[in-house]
Amino acid sequence: MKFMLVMRATDEGYARMANMDFNEMLETMGRFNDELIRAGVLVAAEGLDDPAEGVVVDYSSETPVVTDGPYGEAKELFGGFYILEVASKEEAVEWAKRIPGAGAGYKTEIRRVPSIDEFPQDNIWIQKERAWREATGQL
C-alpha cells in the first residue's frame, strides 16, 4: 500500500527550521532518506519552496481567482512530503515517528494513496491512465 506523509509546521516549527544549519539538515534528512531507500519503502520525497513564492487558485467564484502566496496560516501549509510503499498504515506511522527534525511545532499527516486497481477497470479514462502508466513504467 502507498501512503503519503505530509509534513506540516507551525510558526514555531518554521522558526526552528530557519535556525538549523542547512548542511546539518541535509545530512540528517539524507541519512533518513537513505534508510527509507535501504528498507525498500521510498517511492518519492520532496521538500517544497517557500509558500510566499507559491500561488493559490481559488475556485469559489465562477472565474477562478489566482492569489500570490502564502495562503492561510502556517499551520495550514505543508513543507514537503514522502510517498512510501509499505505493508500497512501502522508501518507508515512508525516511519513518520522517525522523521528527523520533527518535534514541537511539527505534524505529519498520513493518507493512503489508492491504487489504480481500486477504480472501475471498465471505465475508458481508467483504461487510458493504465495504458499511460504501463507505457511510462509506472505499472
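The values are calculated or read from the model by the stated rules, or taken from the named source; none is laboratory data. No experiment lies behind these values; they were computed from the predicted model shown. Note that we place each Cβ from the backbone using ideal geometry, even for glycine, and neighbour counts take in every protein chain shown. Accessible surface areas use protein heavy atoms only, side chains included; no ligands, DNA or RNA. Shrake-Rupley method; radii C 1.70, N 1.55, O 1.52, S 1.80 Å.
Here are some notes:
- ASP11 meets each of the listed conditions (1) at pLDDT 90 or above; (2) surrounded by fewer than 12 Cβ atoms within 10 Å (Cβ to Cβ) apart from (1).
- Residue, least open to solvent (accessible area, probe 1.4 Å), within region 86-112, restricted to residues that are more than 22 Å from ARG38 (Cβ to Cβ) and not basic (Lys, Arg): GLY105
- When residues of region 92-120 are limited to those that are of a type in the set (Lys, Arg) and in contact with a strand residue (DSSP E or B) (Cβ under 7 Å, 6 or more places away or on another chain), the one modelled with the lowest pLDDT: LYS107
- Each residue in region 47-63 was checked for being open to solvent by 70 Å² or more (accessible area, probe 1.4 Å) and outside any strand (DSSP E or B), and 8 of them qualify.
- Within region 103-137, the residues that satisfy the criterion of being closer than 16 Å to ILE83 by Cβ and not in a loop (DSSP other than H, G, I, E, B) are THR108, GLU109, ILE110, ARG111, ARG112, VAL113, ILE116, ARG133.
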